[in-house]
Amino acid sequence: MNTAAVAAASGYSAQQVRDLEALGVIPAAARSPNGYRQFSAAHVRALRAYRHLAHAVGPVEARRAMREVRRQPPDRAAALVCGLHAGLNHEREQALAARLALESIRAEATTEAAPVESDSMTITELSQALGVKTSTLRFWEKVGLVVPERVTTRSGTARRYTLTAIREARITAALRAGGYRIPHVQNAITAVRDLNEVSHSVAALDTRLEAIAQRALALLRAGTLLAEIIESARQRDETGGDVA
């Protein structure tokens, strides 16, 4: 089929088809005696796989994956696809951990005045507010759950807990009170830090989780087509011929 036909079959424009061929997303097209490109069903399959894959993992990673699944031996190509699923699942677990962390403190009473960045607490003030010992706060700091600032005083240095540190201490206290062990709390705190752009909002994390679910479905759709591409490459290597 010619460029116009493969574009119609794949949902891309003719120029996009040529661009994706140049990028190695699809195999190089054969050329007719008059120089026109000649595509096959394999090219349509690769274009459809790329569309789903780009939705799932982004165009840059999708382009890399499309090139690699054709170049790598079948076992490595299959492992690459499995790795994409693992990466997406990690994103989901991270978002779930962050959501758990925020849910643990969302039900707490709020103050009348909204906090400002200049608000801070001493270790004594925070321990009294949370109902924990100062030694507990020091332990949480030691294992990386809470990171206070250090300020210079007349007697040396002292810990100062900013809004971020206070929030992390509240999350830690709530999860520990709920029976979560330190490793699970560390996962939740790390997730909140890594997803800082949405960590203020449970609703934003719900939106993120829904987006991840849609991307996972796109990756499953791509996976079926990628399996056919990998299998076709294996058969082509075994027979030394072309496989549609």
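The values are calculated or read from the model by the stated rules, or taken from the named source; none is laboratory data. Just so we're clear, the structure is a prediction, and the values are computed from it rather than from any experiment. With ideal geometry, Cβ positions are generated from the backbone for all residues, glycine too; neighbour counts draw on all protein chains shown. Surface areas here come from the heavy atoms of the whole protein model, side chains and all, with no ligands, DNA or RNA. Shrake-Rupley method; radii C 1.70, N 1.55, O 1.52, S 1.80 Å.
Below is a table of values for the structure above.
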read-out: Shape category assigned to the range 1-135 from the gyration tensor of Cα positions, a/c cut at 1.5; value: prolate
read-out: Rg/Rh for the chain, where both radii come from Cα atoms and Rh is the Kirkwood radius; value: 1.21
read-out: The chain, accessible surface, carbon-and-sulfur percent (1.4 angstrom probe); value: 52
read-out: Packing rank of 59-68, 211-220, where each peptide gets the mean count of other beta carbons within 10 Å, highest leading; value: 59-68, 211-220
read-out: DSSP-assigned coil residues among GluC sites (Glu not before Pro) in the range 134-203, each with at most 10 further Cβ atoms within 10 Å; value: GLU197
read-out: Calculated [θ] (222 nm, deg cm²/dmol) that DSSP helices of n ≥ 4 give over the chain, each run adding -39,500 (n - 2.57); value: -22000 deg cm²/dmol
read-out: Efficiency of FRET between ARG76 and ASN196 - r from beta-carbon atoms, R0 25 angstrom, step 0.05; value: 0.10
read-out: Relative contact order, percent, the chain [alpha-carbon distance under 8 Å, six or more residues apart]; value: 26
read-out: Selected from PRO33, VAL69, TYR50, residue furthest toward positive end of dipole (the range 27-77; charges at beta carbon); value: PRO33
read-out: The range 21-179 - accessible surface per residue (Å², probe 1.4 Å); value: 58
